[in-house]
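Please read the structure below before turning to the comments.
Read-outs throughout are calculated quantities, based only on the coordinates presented, and are distinct from any laboratory measurement. All of these numbers come straight from a predicted model, not from anything done at the bench. Virtual Cβ from ideal backbone geometry, glycine too; neighbours counted across all protein chains shown.
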Amino acid sequence: MPEGPSLVILRENIASLTGLKVREVSGNSKQDLQRLRGRTLRAIRTWGKHLLLDFGDDLAVRIHLLLFGSYRIDEEKEGKVPRLALSFTKKRRLNFYACSVRFIETPLDDVYDWSADVMSDHWDPKAARGKLKSMPDAIVADVLLDQDIFAGVGNIIKNEVLHRIRLHPETPVGALPSRKLTELITQARQYSFDFYEWKKQFVLRKHWQVHAKKTCPRDGTPLSYRQYLGKAQRRAFWCDACQRRYGNVPATPATPLRRR
DNA sequence: TAACATGTTACGGT
DNA sequence: AACCGTAACATGTT
C-alpha cells in the first residue's frame with residue numbers, strides 16, 4: 001500500500017470529501033482529535049508517502065501508513081479500532097488504521113519541499129541532481145530511498161528502477177556517468193507513474209521484473225538477493241548479468257544477518 | 001505457522 | 001552535535 005503512487009490513488013479516492021465539514025471524530029490516536037470537530041476539509045494533498053488533510057488556519061492532519069496502515073471510505077474495517085475515524089456531512093466517512101497520525105500546525109508550503117516529490121507537478125529533476133552531486137559516496141540503492149531526494153520512492157520502486165536502467169544497487173552515485181545519473185532521476189519518476197497506472201488497474205504485481213523474483217526476465221539468470229543492503233538495510237533483488245556496477249568499488253561482503 | 005514486509009521514529013550510546 | 005545501530009510499532013500474507 002504505502003509507496004508514493006498509492007498515496008496519490010488514496011488522495012484521488014477521497015477527493016470528493018473536500019469541502020465537507022467534520023461532524024464526529026474518534027480514534028485511538030494520541031493527538032487531540034476533537035480539535036477537528038466542526039472544521040471543514042479545505043484540501044487534500046500528498047507529499048511522497050504522506051497524506052495531508054488540510055483543514056485551513058494552519059491545521060492539517062498528516063497520515064503516514066507506514067508498513068501496515070490501511071483506510072476505508074464510507075465503511076468500517078471488521079474488528080479493527082480506527083486510529084482516526086472522521087464522520088463528515090453528507091454521511092461521508094473516512095477511517096484510518098494502524099498508521100501514524102500527526103497534526104501539522106505550520107503552513108504546508110513551509111513544511112514540504114514539493115519539488116522532491118516524484119509524483120508532484122512541482123517535481124524538479126535538477127534539484128534531485130544537485131542533492132545527488134553532494135553525496136558521491138552514497139550507493140544508488142540508498143539514495144533512491146532517501147525521501148529528501150525522491151519522496152515517495154519505496155523499496156519496490158527502488159528495485160524495479162535499478163533493473164530498468166540496468167544499474168547495480170551498490171554503485172556509488174559519484175561513479176555514475178552523467179547520462180546514467182540522468183536516467184536514475186528520470187526513471188525514479190517515470191517508474192512511479194507506471195506503478196500508479198498498474199496499481200489502479202490491479203496489475204502491479206505482474207509487472208514486477210525483479211522485486212521478490214527469483215530469475216531475471218531477460219534470460220532467466222538467477223537474481224542476486226540480499227536481505228539487508230546499504231544503509232537503509234532493505235531487501236535488494238538484482239541481476240548481476242545485466243545490472244552494471246560502475247566504479248572500482250569492490251563488492252561488499254554478504255551483509256551479516258541483522259538481528260531482529 | 002512462524003517469519004516476514006511496499007516504513008519510519010525514538011532512543012541510547014559513541 | 002552528529003551519527004550510528006537497535007528496538008518498537010502493526011497486520012496481512014506466505
Problem - Eligible aspartates and glutamates near A:LYS206 by straight Cα distance, threshold 19 Å, same-chain separation 8 or greater - result: A:GLU3, A:GLU160, A:ASP194, A:GLU197, A:ASP219
Exercise for the section: Note down the Stokes-Einstein diffusion coefficient of chain A in µm²/s, whole number, using a Kirkwood radius over alpha carbon pairs, 37 °C, and 0.692 mPa s. Expected result: 166 µm²/s
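Which whole-number percent is the relative contact order of chain A (Cα, under 8 Å, 6+ apart)?
On the way: 503 pairs, mean separation 41.1, N = 260.
Reported relative contact order: 16 percent.
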Problem - From phi via Karplus (6.51, -1.76, 1.60), per-residue ³J(HN,Hα) for region A:120-126 in Hz, x at Gly/Pro - result: 8, 4, 8, 3, 10, x, 5
Fill in the blank from the handout: A correct Karplus calculation of ³J(HN,Hα) over region A:186-192, with 6.51 cos²θ - 1.76 cosθ + 1.60, θ = phi - 60°, whole Hz and x for Gly and Pro, returns 5, 6, 4, 7, 4, 5, 4
Problem - Evaluated over region A:114-257, the Cα radius of gyration and Dmax, each in Å - result: 14.5, 42
Problem - Calculated on alpha-carbon atoms, Rg and Dmax of region A:19-105 in Å - result: 11.9, 35
Fill in the blank from the handout: Most exposed to least, judged by fewest other Cβ atoms within 10 Å, A:TRP198, A:TRP123 sort to A:TRP198, A:TRP123
Completion exercise
Asserting the computed 222 nm helical MRE of chain A (DSSP H runs at least 4 long, -39500 (n - 2.57) per run, divided by residue count, to nearest 500) equals -7000 deg cm²/dmol
Fill in the blank from the handout: Which residues qualify? For A:LEU176, with a placed amide H closer than 5 Å and at least 5 residues away or on another chain, they are none
Problem - Percent breakdown of C-alpha pair distances by 10 Å bin, ordered from the shortest bin, for region A:67-148 - result: 14, 28, 29, 20, 8, 0
Practice task
Could you order peptides A:53-66, A:155-168 by the average number of other Cβ atoms within 10 Å of their residues, highest first?
Solution key: A:155-168, A:53-66
Exercise for the section: Step through the table entries A:LYS30/A:LYS77; A:LYS80/A:LYS213; A:LYS133/A:LYS231, compare each Cα-Cα distance with 24 Å, and write down the pairs that go over it. Expected result: A:LYS80/A:LYS213
